[in-house]
Each structure stands twice: as C-alpha cells, then as structure tokens.
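Notes to accompany the following structure.
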Amino acid sequence: MPNVVVVGTQWGDEGKGKVVDFLSPQVDAVVRFQGGNNAGHTLVVDGDTLVLHLLPSGVLRAGCTCVIGNGVVVDPRVLLEELAALRARGREMGPGDVVLDPHAHVIMPWHLALDRLREAALGDRRIGTTCRGIGPCYEDKVARRGIIVADLLDPVRLRDRIASTLPWKNREIVEWFGGDPLSAERIEADFLALGERIAAYVRDATAVLHAVQRRGGSILFEGAQGTFLDVDHGTYPHVTSSNTVAGAACAGSGVGPTAIDEVVGIAKAYTTRVGAGVMPSQISGALGEQLQERGGEFGATTGRPRRCGWFDAPLVRHAARINGLTRLALTKVDVLSGFAEIPVVVAYEGVDSDEFPASLTDVRPVFEVLPGWDEDLTAARSLADLPPTCRRYVARIEELVGVPIELVSVGADRDATIRTGDLFTG
Ligand code: GDP
C-alpha cells in the first residue's frame, strides 16, 4: 500500500477534507504536518457535517491513527474541543487513536493577542489571517523562543520559558498597541492544566509512523491550506506562515522523502480565494456571486466569503510541478452545472508554459471557453454518468494540467465521488 501526500493545488478550500476522508479507510494513519487550526476541513457523511480545524480528517474511520506532527502549531484548547465534539457524536478518541508529537509548537495567549492587534493595526493592508495566532507562533518557532508541547508537561521548564518570553510580548502588546498585559502566573496555571489534559496523547509521532511503515501499513499526509499560500512558493506576502507544499510532509512529520510513494493534488473545478491577495481568474459582479452562492464559498474557519474565479490551468500546472503531483482529484464539478459556457484560463499572456511569474499582479489570463451543462451531477458514480460536455471539461483540465485524474467529486457527501484511478486498489 502506498504512502500518499494530499495537498491543495490552489489557495486552499479545495475539498481536501472530503478527499482525505474518502481515501482514509485504506490507510493506517492520517497525519497533519503543517498549519494549525487556521485550516477548516469539512466532512459530510450521510448528510451530517463535521468541521475539523486541527485534527486530521481520518477521525471518522475506526482503526485509523490520527497524528498531529511536529510541523503543526497546536492550540491545546482547540484540540480538546474537537475531541469533545467527536465524543458528543459518539466517537471517543483515545490515546491509541490520536498522537500529538512533543515537538509541535504551542499557540500561546500572546500569539492570539498579537495576531489580532497586528491585523487590526494594518487596516487596509492587513494580511487576512484567521487571527488564530498561527503566524506569531511560527515566528517564535523560527526565532527559537517558542514553547513546544513537551514544555507543557514540565512545570519548571514551562515557567522558565514563559518568564523568558512574556516580558517582550507584553512590551509589544502594551507599548506598541496599547493593549492589556498578560499575566505570567495565569498563563502558567492554565497551560499546566491543559498539559495534564493532553498528556495522554503526547507521543513521539515519528516512532508511531515508522512502526506503521515497518508493519507494511500506509500513511496519508494531509496538507492544509493550498500551494499558493505556501510561505516560499505562494503569492507572498498574502500567504500562510508554513510550507504547504508536499515536500513539507517529511519535515513536518519526521518521515524521509524515500517513504513517499504518491502525491495527490486537490483542485477545485474553478478557483476560489479567501482573504487578500491577487487572483488572475477572478470573476467580478453577479456571475462571481452566483458561483460563490452555488458553491457555498464561505470559509469553514471564519465564515468569510471566498472570491471566485474560473479554473486557472497555469496555476495548477505549476502546483503539479512543485509538489511532484502523481494524481489529481477534481472537486466541486457539480457546482458548475447550469453555466451555459465555462471559461478556463489556459495560459498567461507572454508567459512560457513551463515557467511561473514571480508576481501574478500584472498577468493577463488567456481564456478558452468550453460548453457547459445543465444536469445535476450529484448522483453520478462513473464518468459515463456525466453529460458529454462535462466529461469534455474534465478531460480538458487533465490535459492542461498534465496529471492523471484519480477522482472526480460531484457533491459534498462522501459517496458523491467518481473514482477514475486505481490509487489504493490497483
Ligand atoms: P478543505 O479545507 O480543502 O478541506 O476545504 P473546505 O472544507 O474548507 O471546503 C470545501 C467545501 O466544499 C466543504 O464545504 C465541502 O463539504 C465541500 N465539498 C467538497 N467536495 C465537494 C464537491 O464535490 N461538491 C460540492 N458541492 N461540495 C464539495
């Protein structure tokens, strides 16, 4: 069985949660390797919706270990809330089901406070973060002043780490932004208590993942956000603060590159983007709103509306290159039903198709217009069930991106999926 990395090929919200949930029965572990609870993965099973922000999307499959790798930044309260929400649905996740690596960094109250204060102070120039403290937490990780999960289990170390960091943070909060100072004693007490509550889940994730491999099991690495939000490869500075590309799966979980067999890119059949930043294929006016409404394009984490555009092939082709995609999953094709014509960006004017511009601000998209279809697709279970113009649309995308399509998703529900490839079966 292969080890597979699943990543978003656009600006996130491509439907990764659904695809990971769909593939998860055949894996032994699902791993988050970057990001934090700024992700929002929506799973729909038999009409019942579950939104996850931190836990991997394997939670609904019994026997699948859910791993939060060292590359993730963790808000312990959110972890406990998600476990409680699952318990309320009758899914009790014990320490054998959830593993939290001790090297993962912890989102502290000063990260939350500074994320909000900085975004508010930027006004129109705000980055558009989810204000969950993710960026400030990664900053401290790189600056070597972060607090890791292991610190929450060691009272002496935690006190020392808070004492060496908080005075600087309070200076920024109070003197720069005019906010209220945070109390070291309060934070220490709160986070020691949280440490006790999560202690049972804390285990060397690399050991767990290597044991799965030794047994001949398979691992699914679940990316969050999308390729063009990657801090290196994305539309900087409107990016997230971690590497979202497939290469990050190794560093963020402690598994070597030789262990990865397949990389599946998730692409929405059109393009969306939440928050600030350039988007060449954006549709303005009523048509864009129509797509937003039909696709339910409102963020799972913040409820913010997502801007909508047509499928941008040069974008996804670049994602295919930098992630080393071996397969593509095309989602939300059903949302395009009812459009008489569907434009697709096939190139950027004057840009070589094997290259990608450093900035998308001035690119001029070249469109090809494909015929649309009216039929409701949600009951389709094979390509033959799709109207011919829809099949042509899917085939054209496969051709433009240059990666074979593994599955086509035609509805939010787990079952509304057309499997076209042989991943995990052949
Ligand atoms: P993720 O972060 O990539 O997992 O994406 P989100 O969960 O934020 O957003 C995807 C949204 O689309 C969710 O509400 C999903 O339930 C929904 N979704 C996923 N696949 C499909 C699909 O094929 N058709 C439709 N109509 N909705 C889908």
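The values are calculated or read from the model by the stated rules, or taken from the named source; none is laboratory data. These figures come from a predicted structure and were not determined experimentally. Cβ sites come from the backbone with ideal geometry, for glycine too, and all protein chains shown count toward neighbours. For accessibility, only protein heavy atoms count, side chains too; no ligands or nucleic acids. Shrake-Rupley method; radii C 1.70, N 1.55, O 1.52, S 1.80 Å.
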query = lysines near LYS16 by alpha-carbon distance under 28 Å, same-chain residues fewer than 8 away left out - which ones?
reply = LYS141, LYS268, LYS332
ask   = Can you list the HN-Hα couplings for region 362-371, worked out from phi with the Karplus curve (6.51, -1.76, 1.60; θ = phi - 60°), rounded to whole Hz and with x for Gly and Pro?
value = 9, 6, 10, x, 9, 9, 10, 9, 9, x
message = Keeping all protein chains in the complex and leaving out DNA, RNA and ligands, what accessible area do you get for CYS64 with a 1.4 Å probe, in Å² to the nearest 10?
response = 0
inquiry  = If amide hydrogens are placed 1.01 Å from N in the peptide plane, which non-local residues have theirs closer than 5 Å to the one on GLY372?
reply    = GLU341, ILE342
inquiry  = Per residue of region 142-156, what does 6.51 cos²θ - 1.76 cosθ + 1.60 with θ = phi - 60° give for ³J(HN,Hα)? Whole Hz please, x for Gly and Pro, Karplus curve as stated.
reply    = 5, 7, 6, 10, x, 10, 9, 3, 4, 5, 6, 9, 9, x, 5
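What is the local net charge at GLY350, summed over the other residues whose Cβ is closer than 12 Å to its Cβ (Lys, Arg +1; Asp, Glu -1)?
Taking every Cβ under 12 Å from that of GLY350, the sum is -3.
Leaving out ligands, DNA and RNA, and with a 1.4 Å probe, what % of the accessible surface on the chain is carbon or sulfur?
52
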query = Taking H as built 1.01 Å from N, whose amide H comes closer than 5 Å to the amide H of PHE311, not counting residues under 5 places away?
reply = THR271, VAL345
task = Find the accessible area per residue for region 105-200; the probe is 1.4 Å, ligands and nucleic acids are left out, and the unit is Å².
result = 55
key: Ordering of 259-266, 394-401 by burial proxy (mean other Cβ atoms within 10 Å per residue, highest first)   = 259-266, 394-401
query = Which value, in debye to the nearest 20, gives the size of the charge dipole of region 105-200 about its Cα centre, when Lys and Arg are +1 and Asp and Glu are -1 at the Cβ?
reply = 220
task = Any chance you could list P(r) for region 308-426, counting all Cα-Cα pairs in 5 angstrom bins from zero, rounded to whole %?
result = 2, 11, 20, 22, 19, 14, 8, 4, 0
ask   = DSSP loop GluC sites (Glu not before Pro) in region 75-111 with at most 10 other Cβ atoms within 10 Å of their Cβ, which ones?
value = GLU92
message = From the gyration tensor of the Cα coordinates in region 105-200, what semi-axes in whole Å does the equivalent ellipsoid have, largest first, with each one equal to sqrt(5λ)?
response = 24, 15, 11
request  = Give me D for region 77-151 in µm² s⁻¹, whole number, from Stokes-Einstein with Rh from the Kirkwood sum over alpha-carbon pairs, 10 °C and 1.306 mPa s.
outcome  = 112
query = Which ³J(HN,Hα) values in Hz, rounded to whole numbers, follow from the phi angles of region 213-230 under the Karplus curve 6.51 cos²θ - 1.76 cosθ + 1.60, where θ = phi - 60° and Gly and Pro get x?
reply = 5, 4, 6, x, x, 10, 10, 10, 9, 9, x, 10, 6, x, 3, 8, 10, 4
ask   = If you line up the Cα atoms of region 140-276 on their principal axes, what length do they span on each, largest first, in Å?
value = 47, 42, 23
task = Sort all Cα-Cα distances of the chain into consecutive 20 angstrom bins from zero, then give the percent of pairs in each bin up to the one containing the longest distance.
result = 27, 56, 16, 0
